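Peer 1: Sending over a structure as structure tokens; questions will come in a sec.
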Amino acid sequence: MEDESWADEEIVEQLFQRQEAALQAVKRKYERLCRQVAGNVLALPEDVSECVNDAYFTLWRLIPPQWPDKLPAFLLKLVRNLALKRYAYNAAQKRDPNLRLPLDELAEALPGGLQPEEVLGRKDLAVAVNAFLRGQSRLNRQLFLRRYWYFEPLKEAAEQAGLSAGAAAARLCRMRAGLRDYLQKEGFEI
């Protein structure tokens, strides 16, 4: 069986058995998607490559003992978190003053005193945001996730949703206002 045709469950099983071929299968199957997610956050191709390679290394270290239910979601979360750390490092050192994350758009809807990147780690907030998103239409959820989870440029997220950039921006603005209201009702101090 070729690496590219391995099912995710088989890849995880092989990672548990410490088979390096499984890591190669992960790279072949998900490299493009990992680079896209990292590239939506990071400007430099070198940073993207380093982030993706670090995600593969972290995946190798985490499996075992962890057994992810959904390998792509597990891997992309690793990539995303590593990309955010690199972004924070680059921004703190003012290496790229033009770097701006879509999370900055969310800042006014999130609890005060925290940077958007810090808010991401709060489980209570994650539960509340997930509950808010469950109350949204499928289109709105997809648009929100593409923009604020995968950091897709507004134009790309809008195209994927079948909307103009202006319509997508208006929807996202209404969603941010709705999220702010929802979080306040849930007891978060905005």
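The values are calculated or read from the model by the stated rules, or taken from the named source; none is laboratory data. This structure is a prediction, so every number in the text was calculated from the model and none was measured. Please note: Cβ atoms are built from the backbone with ideal geometry, for glycine as well, and neighbour counts cover all protein chains shown. These accessible areas exclude ligands, DNA and RNA; they are computed on the full protein's heavy atoms, side chains included. Shrake-Rupley method; radii C 1.70, N 1.55, O 1.52, S 1.80 Å.
Peer 1: Among the numbered criteria (1) at pLDDT 90 or above; (2) surrounded by fewer than 16 Cβ atoms within 10 Å (Cβ to Cβ), which single criterion is violated by residue 158?
Peer 2: Among (1) at pLDDT 90 or above; (2) surrounded by fewer than 16 Cβ atoms within 10 Å (Cβ to Cβ), the lone unmet condition for residue 158 is (2).
Peer 1: Sticking with this one: Going by the structure shown, is residue 102 more than 21 Å from residue 34 (Cα to Cα), open to solvent by less than 40 Å² (accessible area, probe 1.4 Å) and modelled with pLDDT under 95?
Peer 2: Spelling it out, it is not the case that residue 102 is more than 21 Å from residue 34 (Cα to Cα), open to solvent by less than 40 Å² (accessible area, probe 1.4 Å) and modelled with pLDDT under 95.
Peer 1: Residue by residue through region 161-184, note down the ones that are more than 13 Å from residue 109 (Cβ to Cβ) and either open to solvent by 70 Å² or more (accessible area, probe 1.4 Å) or not charged (D, E, K, R) (or both). First the steps, then the outcome.
Peer 2: Start the filter on region 161-184 by keeping residues that are more than 13 Å from residue 109 (Cβ to Cβ), which leaves 161-171.
Across region 161-184, the qualifying residues are 161, 162, 163, 164, 165, 166, 167, 168, 169, 170.
Peer 1: Within region 106-113, can one find any residue that is at pLDDT 95 or above and farther than 20 Å from residue 168 by Cβ?
Peer 2: no
Peer 1: Suppose we keep only residues that are open to solvent by 80 Å² or more (accessible area, probe 1.4 Å) and touching a residue at least 40 places away in the same chain (Cβ under 8 Å) within region 45-73. Which one would you say is farthest from the chain's Cα centre (by Cα)?
Peer 2: Here the answer is 67.
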